[in-house]
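In what follows, a structure is listed as structure tokens, so that the remarks can point back to it.
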Amino acid sequence: MKYFHKPVLLSEVIEHLIYDIHGIYVDSTFGSGGHARSILKKISNKGKLIAFDQDQFSIIKNKICEKRIILFNANFRKIKKILKDSKNNLLNNVSGIMADLGVSSYQIDTPQRGFSIRFNNILDMRMDLSKTKSALNILKTYSFEELNNIFYKYGEFKNPQIISRKILLNRKFINTTFDLVKLFNKNIKFLSRLFQALRIEVNDEINALKKFLKQARNILKQGGRLAIISYHSLEDRLVKNFFKTGNIHGILRYDKKGNNLSPFHKRYTKRIFPTKQEIYTNNRAKSAILRITQKI
Ligand SMILES: C[S@@+](CC[C@H](N)C(=O)[O-])C[C@H]1O[C@@H](n2cnc3c(N)ncnc32)[C@H](O)[C@@H]1O
């Protein structure tokens, strides 16, 4: 079996997520199945793993054929409907849900997917290849305001207008990753944020994460755990606020007696970073933050 992606924070996820080896678990971002394989190793013959990935190729290339896993080629924003429609009606019966956000090494390292500044290819960046909106579409068709909005929100650029203007003036000549790299001729940090903003918009990543978190809260059974690995501050902020308050707006709500109405245990809300050793052997782990919580 060829592995395309080295799983990040693997032992930490397994240690904190799996507290009942006979339980039902969900891996919302199957990728190359690194976390999924370890979950399967840990759970018993009675346990189950439901896995999702919106990328058709991730599923085809890394498929695990065994009775305890059900793989869905679907976006995790539909998690509730899919679990509800499944013949065992899995809602409120799930012991743990994990998500390892963003793209896999397989996706970044496949030049024709257009995710990486390292290869010259059409600016695609779709995780789900059945969708029509690519990064190139955005660069060719978005208005000045729309471009400003994504570079400000998803790239956290303070002056997005400079970037948007340059794109509008040169959009006829932009087709490939290297066209964009050459147009801006800036350092890696700038380019990574530019590519990140486009990728988030192409895959509607923040909205998908919001929808997923809200549903995950309801799907988990009492005492169930939720583990999310994020790779940038936009995602991590959202996860942190959600774990603290139980809602995606991050607003603390109290009952009449002043008790916090968050459905999550405060004392189980943990933040975990990769060790130096892991970062040394897997550069992708560098920006990873794992947050774990438990439903009351
Ligand atoms: C970081 S990789 C996961 C790697 C995996 N944990 C492993 O060990 O191989 C993220 C994967 O999640 C998928 N993905 C990202 N957002 C998704 C979404 N909203 N719904 C379903 N899959 C998603 C990507 O296609 C990618 O394959």
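The values are calculated or read from the model by the stated rules, or taken from the named source; none is laboratory data. These figures come from a predicted structure and were not determined experimentally. Backbone-built Cβ (ideal geometry, glycine too); neighbour counts: all protein chains shown.
Data for the structure
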read-out	value
Residue list for region 203-237, restricted to those being within 12 Å of the ligand (Cβ to nearest atom), out of contact with any Phe, Trp or Tyr (no Cβ under 9 Å at 6 or more places or on another chain) and either over 19 Å from LYS80 (Cβ atoms) or of a type in the set (Gly, Ala, Ser) (or both)	ASN203, ALA227, ILE229, SER230, TYR231, GLU235
Filter result for the condition that a residue is of a type outside the set (Asp, Glu), over 29 Å from THR275 (Cβ atoms) and in contact with a Ser or Thr (Cβ under 7 Å, 6 or more places away or on another chain), over ILE60, ILE79, ILE14	ILE79
Residue match in region 38-61 (condition: away from the ligand (no atom under 12 Å from the Cβ) and among the polar types (S, T, N, Q))	yes
Helices (runs of 4 or more DSSP H) wholly inside region 182-296 containing at least 2 residues that are in the same structural domain as ALA51 (by TED's automatic domain parsing) and without any contact (Cβ under 8 Å) to a residue 24 or more places away in the chain	233-245, 276-281
Pairs where the first residue, in region 21-47, is over 13 Å from ALA99 (Cα atoms) and without any contact (Cβ under 8 Å) to a residue 12 or more places away in the chain and the second is of a type in the set (S, T, N, Q) and near the ligand (Cβ under 6 Å from one of its atoms), C-beta under 9 Å, 6+ apart	none
Residue ID - farthest from GLY23 (Cα to Cα), chosen from residues in region 72-112 that are within 11 Å of the ligand (Cβ to nearest atom) and touching an Asp or Glu at 6+ places or on another chain (Cβ under 6 Å)	LEU101
Breaking point among (1) of a type outside the set (A, V, I, L, M); (2) in contact with a Phe, Trp or Tyr (Cβ under 6 Å, 6 or more places away or on another chain); (3) at positive phi, for SER32	(3)
Test: ASN283 is touching a His at 6+ places or on another chain (Cβ under 8 Å), under 25 Å from LEU10 (Cα atoms) and not acidic (Asp, Glu)	no
Count - residues of region 135-178 that are surrounded by fewer than 19 Cβ atoms within 10 Å (Cβ to Cβ), in a helix (DSSP H, G or I) and hydroxyl-bearing (Ser, Thr, Tyr)	2
Meets criteria (more than 9 Å from the ligand (Cβ to nearest atom), more than 19 Å from the chain's Cα centre (by Cα), within 28 Å of ILE272 (Cβ to Cβ) and in a loop (DSSP other than H, G, I, E, B)) for SER116	no
Matching residues in region 217-258 - criterion: being basic (Lys, Arg) and farther than 20 Å from ILE79 by Cα	ARG237, LYS240, LYS244, ARG253, LYS256, LYS257
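Rundown of residues vs (1) more than 23 Å from ASP124 (Cα to Cα); (2) out of contact with any strand residue (DSSP E or B) (no Cβ under 9 Å at 6 or more places or on another chain); (3) modelled with pLDDT of 95 or more; (4) not assigned by TED's automatic domain parsing to the domain that holds GLY223, yes/no style:
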{"site": "LYS2", "(1), (2), (3), (4)": "yes, yes, no, yes"}
{"site": "ILE18", "(1), (2), (3), (4)": "yes, no, yes, no"}
{"site": "TYR25", "(1), (2), (3), (4)": "yes, no, yes, no"}
{"site": "ILE39", "(1), (2), (3), (4)": "yes, no, yes, no"}
{"site": "ALA51", "(1), (2), (3), (4)": "yes, no, yes, no"}
{"site": "ILE59", "(1), (2), (3), (4)": "no, no, no, no"}
